[in-house]
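Accompanying notes for the structure given below.
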Amino acid sequence: MPIFSNKHILLGVTGSIAAYKAADLASKLAQSGAWVDVILSASAQKFITPLTFQSVTGRRAYTDQDLWGNEAHVLHVGFGKTADLLVIAPCTADTLAKLAQGIADNLLTVTALAAHCPLVIAPAMDGGMFTHPATQQNLETLKKRGAVIVGPAEGHLASGLVGAGRMSEPSEIFGWLRIALGKNGKLAGKKIVVTAGGTQEALDPVRVITNHSSGKQGYAVAQAALDAGAQVCLITAPTALTPPVGARVVQVKSVGGMLDAVLSESGDALIMAAAAADFTPQTVAKDKIKKRDGIPQIQLTAAADILGAVAARQPSLFRVVIGFAAESQNLLEHAAEKLKSKKLNMIVANDILASDAGFAVDTNRVAFLFANGTQEILPLMSKTEAAEKIIEHTSRLLE
Ligand code: CTP
């Protein structure tokens, strides 16, 4: 099910050149299943039209004219009652000041006063206006009241200045909206550590031994945990992916680095989706190994078993530990052995030889095995859906 299905989101757009980016945000929200009602301020309409938003949301967009139209006595109150979330992006210094003071002189600000849902604000203004004590004080007031402030980002501003004032990218705002909507989810107040990606074991300053893991399944698990309201630490080996917004990211390279990172965390659950190396070069050459010196003989040694090290320190680190088993044969049998030997609460088994599952692809075919002997074999599904199922079980195991 799309993440924002049945969610009513109000998107307020105010007068900044960044208003064009709000169309992308509206489109992303609509594509994620939300009912998006857009309210444009008078100055927003100098930059962008209601038609732009209507075209991407499939719903009418509202302006101050509607404040005095037929629905006058109900529109803002109705919005206030049904909205799951109000996001104002871009939010000018003027609208920020009005929100902080409770001024309600246009459809957007009157709606903000009537709405009791979470408020997310993405400021956009020139650098000097953002750092002005009046703006900073207004932001503080709004934060104290529980508003989530996203950005602004640093960069080139319309005035030619370089500094903080650019509206955050729609993808970043979208990530924070997920967090705002998920904050009372079933993992609210829980800390989940997720590992992802394939570790890289250095041979010399240039070369590494690694594996085909893309990190997709682990990143999807981290996102699903965030959507369920968890505080997430994502320990990741190098991948081409952008980490989910809101996760605390710890970048590691080798299995040794991942081991240190995992052992320095503790929390409610550890989900070890990473493809950590089993073997690592015994020595790492200080200088690049030269071709003229002949074909190198690489001596490998056993890498640390991270889950083994965690098991040795339990129960002090994590209440629930979930591992993965990437297998090319006897899937369930091997997974069951690992579940036991690594003292896991649950193991996610996947057949890496299936073309529609395992490394790099967006789908997965997984089976869950539990410490109490039960099993759940799932059909082909997206890695996002598999991640949601893993998170449902994590929450159940933590009960
Ligand atoms: N794992 C780990 N430390 C390692 C290697 C793997 O903690 N050095 C974790 C993985 O993150 C995964 C689980 O152990 O959650 C199983 O990994 P897998 O590679 O399937 O199994 P191994 O124990 O490494 O055994 P084998 O490679 O022989 O199948």
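Here are a few things to note about the model shown:
- Using Cβ point charges alone (K and R +1, D and E -1), the dipole size of the range 240-399 about the Cα centre works out to roughly 680 debye.
- The packing ranking, built from the mean of other Cβ atoms within 10 Å per residue, places the peptides 294-302, 281-289 in the order 281-289, 294-302, highest first.
- Rounded, prolate or oblate (a/c below 1.5 giving rounded, otherwise prolate when a/b exceeds b/c) for the range 8-182 by Cα gyration tensor: rounded
- For the chain, the longest principal axis of the Cα atoms and the long axis of helix 331-341 meet at an angle of about 90 degrees.
- For the chain, the equivalent ellipsoid derived from the alpha-carbon gyration tensor has semi-axes of 46, 25, 18 Å in decreasing order.
- Accessible-area composition of the range 46-120, carbon plus sulfur, in percent [1.4 Å probe]: 55
- Stretched out straight at 0.36 nm per residue, the stretch from residue 251 to residue 392 would grow longer than its current Cα-Cα span by 48.1 nm.
- Protection proxy ranking, peptides 116-127, 257-268, 39-50, average beta carbon neighbours within 10 Å, highest first: 116-127, 39-50, 257-268
- Shape class for the range 213-263, computed from the alpha carbon gyration tensor (a ≥ b ≥ c): oblate, with a/c not under 1.5 and a/b at or below b/c.
- Between the residues 95, 347, 11, the greatest Cα displacement towards the positive end of the dipole of the chain, with unit charges on the Cβ of Lys, Arg, Asp and Glu, is found for 347.
- Helix-derived mean residue ellipticity, 222 nm - over the chain, DSSP H n ≥ 4, -39500 (n - 2.57), to 500: -10000 deg cm²/dmol
- Tilt relative to the chain, helix 216-227 - C-alpha long axis, 0 to 90 degrees, to 10: 40
- Helix 133-144 and the long axis of the chain differ in direction by around 60°, with both axes built from C-alpha atoms.
- Of 255, 23, 35, farthest towards positive along the dipole that unit charges on Lys, Arg, Asp, Glu beta carbons give the chain: 255
- Among 241, 304, 369 the positive-end extreme of the charge dipole of the chain (Cβ point charges): 304
- Stretch gain in nm, segment residue 283-residue 68, where the contour uses 0.36 nm per residue and the Cα spacing is subtracted: 69.8 nm
- On the range 191-398, 52 percent of the accessible area sits on carbon and sulfur atoms, based on a 1.4 Å probe.
- Counting only protein heavy atoms and a 1.4 Å probe, the chain has 47 square angstrom of accessible area per residue.
- Share antiparallel - DSSP beta bridges, the chain, percent rounded to 5: 30
- Only Lys, Arg (+1) and Asp, Glu (-1) charged, at Cβ; the chain dipole about Cα centre in debye: 480
- Global geometry of the range 1-85, whether rounded, prolate or oblate, following the gyration tensor of its Cα atoms and the 1.5 cut on a/c: oblate
The values are calculated or read from the model by the stated rules, or taken from the named source; none is laboratory data. Note that the coordinates shown come from a computational prediction; the quantities given were computed from them, not determined experimentally. Reconstructed Cβ throughout: ideal geometry from the backbone, glycine too, with neighbour counts over all protein chains shown. Accessible surface areas use protein heavy atoms only, side chains included; no ligands, DNA or RNA. Shrake-Rupley method; radii C 1.70, N 1.55, O 1.52, S 1.80 Å.
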